[in-house]
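The values are calculated or read from the model by the stated rules, or taken from the named source; none is laboratory data. This one's a predicted model, so the numbers in the text were calculated from it and none came from an experiment. Every residue, glycine among them, receives a Cβ derived from its backbone with ideal geometry; neighbour counts consider all protein chains shown.
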Amino acid sequence: MSKVGKSFTILIVAVMLVSSVGTTAFFFNNIVEDRNSKISSLESQIENQTSEIEEFNSQISNLKGQITNLTSANLETALGATEVPYNSPHNMPTPLLYNHLYITGSVKNTGKGTAYNAGLQVVAYSANGTLEIDMTVPLADSSSTFGTNLSTIIYGNGSLKLGNLLTTQTVEIDIGIFHEGAVSNWTITPVWTNSQ
């Protein structure tokens with residue numbers, strides 16, 4: 001074969017090789033573009049489904065809140081309290097040995113569920129900041145007295161067993177908590193659980 005024939009053959013082989021590589025590159029480029037388009041479409045679907053999941057989770061949370069509202073108790077108080085000194089005229093003719101915090105009023109369950117283990121958390125401090133009372137007393141239907149320690153328990157006749165308050169039920173409060181020292185500020189907070 002002559003040089004021209006060899007050159008022509010090499011040229012044809014080169015053109016075929018370049019053409020084959022170009023066709024292959026074009027073919028794979030189309031496949032890659034198609035796959036990239038599918039990936040983009042799937043990513044968009046994932047974003048849409050993630051958004052739907054978040055919306056469903058929000059709806060579930062909202063429904064759980066509604067269920068809680070429909071089954072939970074809510075205690076509302078109308079209470080007054082006063083510190084009664086041991087030598088108050090109310091205690092005469094015989095003065096008492098200790099002061100007592102006297103709590104009166106009412107507690108009503110305005111929720112849709114029963115208030116289990118219902119009571120009043122009473123925390124009281126003396127003028128110098130000393131903690132004198134820190135106890136939970138039941139919602140007593142009649143006059144009940146409680147002592148805060150072994151010395152003052154002589155005036156305590158009430159059981160500290162907490163009770164239940166049904167929905168829309170109101171209980172009248174008439175409680176005395178005997179303690180050592182004198183209290184000048186206090187908080188009285190209704191407490192309960194929504195299950196037994």
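Residue-by-condition table, conditions (1) among the small types (G, A, S); (2) assigned to a loop (DSSP other than H, G, I, E, B); (3) within 15 Å of P190 (Cα to Cα):
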| position | (1), (2), (3) |
| --- | --- |
| V122 | no, no, yes |
| N128 | no, yes, no |
| I133 | no, no, no |
| T136 | no, no, yes |
| I154 | no, no, no |
| S159 | yes, yes, no |
(message) Being at pLDDT 80 or above and either in a helix (DSSP H, G or I) or β-branched (V, I, T) (or both): is that true of S44 here?
(response) yes
(message) Of the conditions (1) at pLDDT 90 or above; (2) under 30 Å from Q196 (Cα atoms), Q49 satisfies every one except a single condition; which number is it?
(response) (2)
(request) Output the residues belonging to segment 85-109 that are part of a strand (DSSP E or B) and surrounded by fewer than 17 Cβ atoms within 10 Å (Cβ to Cβ). (result) T104, G105, S106
(request) Would you check if K112 is in contact with a helix residue (DSSP H, G or I) (Cβ under 6 Å, 6 or more places away or on another chain), free of Cβ contacts under 8 Å to residues at least 60 places away in the same chain, part of a loop (DSSP other than H, G, I, E, B) and under 30 Å from S72 (Cα atoms)? (result) yes
(request) Run down A81, A73 and say which single residue is under 30 Å from F178 (Cβ atoms), outside any helix (DSSP H, G or I), at pLDDT 75 or above and within 26 Å of the chain's Cα centre (by Cα). (result) A73
(request) Sort out which residues of segment 173-192 are surrounded by 14 or more Cβ atoms within 10 Å (Cβ to Cβ) and either in contact with a helix residue (DSSP H, G or I) (Cβ under 8 Å, 6 or more places away or on another chain) or not hydrophobic (A, V, I, L, M, F, W, C) (or both), and write them in order of number. (result) D174, G176, F178, H179, E180, G181, P190
(message) Being over 22 Å from G111 (Cα atoms) and not hydrophobic (A, V, I, L, M, F, W, C) is the requirement here; does E76 meet it?
(response) no
(message) Looking at segment 115-161 only, could you name the residues that are buried (at least 19 other Cβ atoms within 10 Å of the Cβ) and within 26 Å of the chain's Cα centre (by Cα)?
(response) A115, A118, G119, L120, V122, V137, P138, L139
(request) Answer yes if at least one residue in segment 57-70 is touching a Lys or Arg at 6+ places or on another chain (Cβ under 9 Å) and over 17 Å from I173 (Cβ atoms), and no otherwise. (result) yes
